[in-house]
Amino acid sequence: MKPENEVRSKHRRLIVLAAVLAVGALVIIGRLAYYQIWMHDRLEEMALEERERERNVPSERGNILDSTGHPFAMSVIQWDISVSPELVDDPNELADQLADLMDLPRDELYAKLTMKVPWVSLARGTAQEIGEAVAGLEANGIICDPRALRVYPEGELAAHVVGIVSDGGVGFCGIEGYYDQWLAGTEGKRAIEQNPAGEEIPLAPQAELAATAGVNLILTVDRNIQMIAVQELERAVEEYQAESGTVVIMDPQTGAILAIANYPSYDPNLFPDVDGKLLDDASLSKLWEPGSIFKVITWAGGLDSGTISPGTTVYDSGSREVGGRVIWNWDRMGRGWVTMTDGLAQSLNTVAAFISTSMGKDRFYTYVQRFGFGVITKVDLASEGPGIVKRPGDSDWFASDLGTNAFGQGIAVTPLQMLSAVSAVANHGLLMKPYIVKQFVTSEKVVSVQPLAVRQAIAEETAETLTGMLVEVVSREATKAQVAGYRIAGKTGTAQVPTAYGYDPTATIASFVGFAPADDPQFAVLVKLDKPQASPWANHTAAPTFRAIVERLLVYLQIPPDEIRLAQ
Amino acid sequence: MNRKTITKQGPNQTQKATFPVRTALFGGAALLILFAWLQLILALQIASTERQIQITIDELSKLKRDNMALVQDTAIIESEASMTRRAEALGYGLQTPVYLSLGQTYQTTGPAAGGDVLASAGRPAGDLQGGILSQFLLDDTLYETTTAQKGATSPVASPAEGAP
């Protein structure tokens with residue numbers, strides 16, 4: 001080939017090559033333009049979808065504290081430790097390290113670390129320091145998940161007041177149930193970016209919606225008073241061989257609940273293994289026919305309506321017929337002419353029936369309603385029951401109910417309702433709404449709950465008169481409730497236990513309700529013992545229990561005897 | 001001459017025309033490098049600070065968790081049940097207070113007087129035996145408290161013991 005031709009041929013090939021390269025470049029540029037410009041938004045979105053994840057940030061559940069600031073319920077972190085055996089570099093070394101830290105058998109750990117499974121749990125609910133130490137190893141394959149755990153440092157002490165929280169973080173019963181949403185707070189959200197292995201990239205920008213911590217609740221319950229209630233109740237149940245029992249203590253001037261004790265109780269720390277029947281707070285949900293302590297309400301209505309006065313006399317023959325049904329005294333004995341004070345002191349059913357029938361059904365049930373029976377008290381605790389009050393006009397109400405209801409039969413109440421009603425007598429006739437949370441505390445503010453008056457159930461003068469009569473009840477008949485040096489107002493109640501076939505002839509429910517000091521009540525106490533075997537009578541079981549509680553309360557609350565206190 | 005002059009002026013004119021461009025290019029490049037360097041330094045600092053923040057947040061979380069665990073431990077140690085056990089182990093029991101108004105004279109020297117005071121408070125004098133007696137004032141009232149101790153000897157002479 002001639003040199004000219006050779007040069008020309010080379011030029012041609014170069015041109016072809018350049019053209020090919022140019023086309024190639026154009027294709028590449030075109031593809032780049034396609035991806036970078038036309039497909040830009042879509043691809044960016046796809047990339048972000050791959051990389052970005054939204055994680056829930058759990059909120060801290062609020063604490064529940066007693067009135068002195070001691071925690072009844074709080075959350076701590078425990079660790080669930082697991083492993084992906086395939087990712088472990090050196091199972092021998094890791095087994096040694098974990099055995100030291102977790103105090104588990106080395107061989108057992110080694111066996112788990114070498115299992116041919118993608119994941120295996122090593123320990124659940126490990127203590128904080130152990131979890132932190134294991135996480136600090138930063139060993140490949142080891143997974144440490146911190147988990148909030150609800151703990152109750154006081155154990156059984158205030159189980160029914162506080163309630164429980166499930167594994168899923170939902171509160172049930174008591175304060176945990178009633179204030180679940182407040183305590184739980186609000187979960188936060190956190191946008192994170194992750195690498196192809198799914199691990200969070202710590203340096204990536206993160207958008208965060210902060211979690212809101214739950215509200216801390218400070219209760220009106222004083223753990224020392226709670227302890228007194230629990231100890232004395234346990235002692236009483238054991239001593240009098242009762243099946244179960246309840247003690248409720250309240251500040252009658254405000255409605256603040258100072259203690260709620262039920263026996264049997266449970267340890268909320270062991271919640272999943274607790275018998276479900278024990279979870280109910282008997283003071284709120286267990287209805288009982290109150291028996292003679294309900295006479296306080298009958299006498300209050302009679303006095304307030306002007307139907308009777310303390311000196312009104314009536315002839316007691318031992319029985320009285322109401323609506324075709326004969327009502328007997330507890331001992332079937334007649335006492336002749338008795339005053340209303342005598343009738344209350346000796347707990348005469350015939351006198352109670354006399355009062356209710358003299359008042360008439362409308363007025364009697366109006367007072368029953370005024371004292372808050374038949375409706376919930378709206379206390380801030382979960383699972384409260386309204387009780388059962390049959391009223392004239394109801395299909396199941398009979399004329400005889402007017403007589404039996406007057407001494408607490410055929411009517412079902414909760415211990416809290418009963419104590420709340422008697423507290424109204426102690427509080428100059430003013431019925432207060434019971435409450436158990438006195439302060440809501442967040443990081444920003446503290447909100448205090450103000451006592452709330454429901455209504456003036458009876459006149460102030462009536463309340464004072466009735467208080468005087470209740471003091472006589474204790475000093476004359478219920479002497480086992482008496483505390484030397486103090487005027488105590490109170491009333492015993494020995495109620496029969498209703499069954500499907502009438503009243504159980506072998507069992508009673510013994511109760512006592514009262515308050516002290518009578519002239520300036522600082523606390524009201526209700527004691528209820530179910531089916532005591534040692535004695536069926538409240539005066540021998542519930543009354544001494546009441547006295548034991550009151551004696552300790554007077555010491556704890558530093559209330560001097562009347563002689564010294566009134567001399568001041 | 002004229003041609004030479006022109007020739008000499010030509011390069012001068014060219015130098016004058018190209019000098020700012022080259023300088024600008026160098027300057028631009030230098031600025032670009034400077035900005036890139038600054039960007040790199042700042043990016044590194046931001047990354048480092050973010051990491052530090054992350055570490056601090058982790059440390060704070062750990063401290064919070066440790067604090068929660070400590071509060072729990074303290075709460076358990078100070079629980080009613082635990083305190084009661086400890087008090088009983090130390091020999092303490094329930095208090096039995098004796099109240100006196102300030103007008104009353106409390107005599108700790110005679111068994112008769114002490115017995116009267118206790119009787120007026122509604123408690124048998126024997127209640128104080130083996131107990132620790134203490135007095136304090138509150139709201140203008142003299143308070144007397146005894147703490148029953150199992151088998152302990154009272155360091156303060158109680159009226160029931162009839163100390164001189």
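Mind listing whichever residues of region A:540-568 are in contact with a helix residue (DSSP H, G or I) (Cβ under 9 Å, 6 or more places away or on another chain) and acidic (Asp, Glu)? First the steps, then the outcome.
Start the filter on region A:540-568 by keeping residues that are in contact with a helix residue (DSSP H, G or I) (Cβ under 9 Å, 6 or more places away or on another chain), which leaves A:540-550, A:552-553, A:556-557, A:559-561, A:563.
Result: A:GLU563, single match.
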(request) Return yes when A:LEU566 is within 13 Å of another protein chain (Cβ to nearest Cβ), touching a residue at least 40 places away in the same chain (Cβ under 8 Å), within 25 Å of A:LEU466 (Cα to Cα) and surrounded by 18 or more Cβ atoms within 10 Å (Cβ to Cβ) and no when it is not. (result) no
(message) Looking only at region A:175-209, count every residue that is among the polar types (S, T, N, Q), outside any loop (DSSP other than H, G, I, E, B) and at pLDDT below 80 and tell me the total.
(response) 1
(message) Checking A:VAL555 against (1) within 14 Å of chain B (Cβ to nearest Cβ); (2) surrounded by 16 or more Cβ atoms within 10 Å (Cβ to Cβ), only one condition comes out false. Which one?
(response) (2)
(message) Out of A:LEU466, A:LEU529, I need the residue that is under 19 Å from A:PHE371 (Cβ atoms) and modelled with pLDDT of 95 or more. Which one?
(response) A:LEU466
(request) Check off (1) more than 14 Å from chain B (Cβ to nearest Cβ); (2) in contact (Cβ under 8 Å) with a residue 24 or more places away in the chain; (3) small (Gly, Ala, Ser) for A:SER448 and give me the number that stays unchecked. (result) (2)
(request) Go through region A:136-157 and give me each residue that's facing chain B (nearest Cβ under 8 Å) and within 16 Å of A:MET102 (Cα to Cα). (result) A:PRO146
(request) Give the residue that is farthest from A:ALA158 (Cα to Cα), with candidates limited to residues of region B:69-86 that are surrounded by 13 or more Cβ atoms within 10 Å (Cβ to Cβ) and charged (D, E, K, R). (result) B:ASP73
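Mind checking which residues of region A:328-355 are buried (at least 20 other Cβ atoms within 10 Å of the Cβ), outside any helix (DSSP H, G or I) and touching a residue at least 40 places away in the same chain (Cβ under 8 Å)?
So the first thing to find is which residues in region A:328-355 are buried (at least 20 other Cβ atoms within 10 Å of the Cβ), and the list is A:329, A:338, A:340-345, A:347-355.
Filter once more, keeping what is outside any helix (DSSP H, G or I): A:329, A:338, A:347-348.
Selection gives A:SER347 alone.
Can you tell me which residues in region A:153-186 are under 20 Å from A:GLN231 (Cα atoms) and aliphatic (A, V, I, L, M)?
At the first step, the residues of region A:153-186 found to be under 20 Å from A:GLN231 (Cα atoms) are A:153-163.
A:LEU157, A:ALA158, A:ALA159, A:VAL161, A:VAL162, listed by residue number.
Matching residues to (1) touching a residue at least 40 places away in the same chain (Cβ under 8 Å); (2) hydrophobic (A, V, I, L, M, F, W, C); (3) outside any loop (DSSP other than H, G, I, E, B):
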residue	(1), (2), (3)
A:LYS378	yes, no, no
A:ALA382	yes, yes, no
A:ASP394	no, no, no
A:GLY408	yes, no, no
A:SER420	yes, no, yes
A:PHE440	yes, yes, yes
A:GLU461	no, no, yes
(request) Could you grab me the full set of residues in region A:356-381 that are out of contact with any Asp or Glu (no Cβ under 8 Å at 6 or more places or on another chain) and crowded, with 21+ Cβ neighbours inside 10 Å? (result) A:SER356, A:MET359, A:PHE364, A:TYR365, A:VAL368, A:ARG370, A:PHE371, A:GLY372, A:PHE373, A:VAL379
(message) For region A:164-174: of the residues being within 8 Å of A:ALA382 (Cβ to Cβ) and among the hydrophobic types (A, V, I, L, M, F, W, C), which is surrounded by the most Cβ atoms within 10 Å (Cβ to Cβ)?
(response) A:CYS173
(request) Might you check whether a residue that is away from every other protein chain (no Cβ under 12 Å), in contact (Cβ under 8 Å) with a residue 12 or more places away in the chain and over 30 Å from A:MET227 (Cα atoms) occurs anywhere in region A:65-81? (result) yes
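Across region A:272-314, which residue is farthest from A:GLU477 (Cα to Cα) among those that are hydrophobic (A, V, I, L, M, F, W, C) and in contact with a strand residue (DSSP E or B) (Cβ under 6 Å, 6 or more places away or on another chain)? Break it down into steps so the answer makes sense when it comes.
Within region A:272-314, the subset hydrophobic (A, V, I, L, M, F, W, C) is A:274, A:278-279, A:282, A:284, A:287-288, A:293-294, A:296-297, A:299-300, A:303, A:308, A:314.
Among the residues that remain, those that are also in contact with a strand residue (DSSP E or B) (Cβ under 6 Å, 6 or more places away or on another chain) are: A:282, A:287-288, A:293, A:296.
On the way: A:ALA282: 28, A:LEU287: 27, A:TRP288: 24, A:ILE293: 14, A:VAL296: 15 Å.
The selected residue is A:ALA282.
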(request) Taking A:VAL248 as meeting all but one of (1) assigned to a strand (DSSP E or B); (2) more than 22 Å from A:ASP180 (Cα to Cα); (3) within 14 Å of chain B (Cβ to nearest Cβ); (4) of a type in the set (A, V, I, L, M, F, W, C), write down the number of the exception. (result) (3)
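The values are calculated or read from the model by the stated rules, or taken from the named source; none is laboratory data. As the structure is a prediction and not an experimental result, all values here were calculated from the model. Note: ideal-geometry Cβ built from the backbone for every residue, glycine included; neighbour counts use all protein chains shown.
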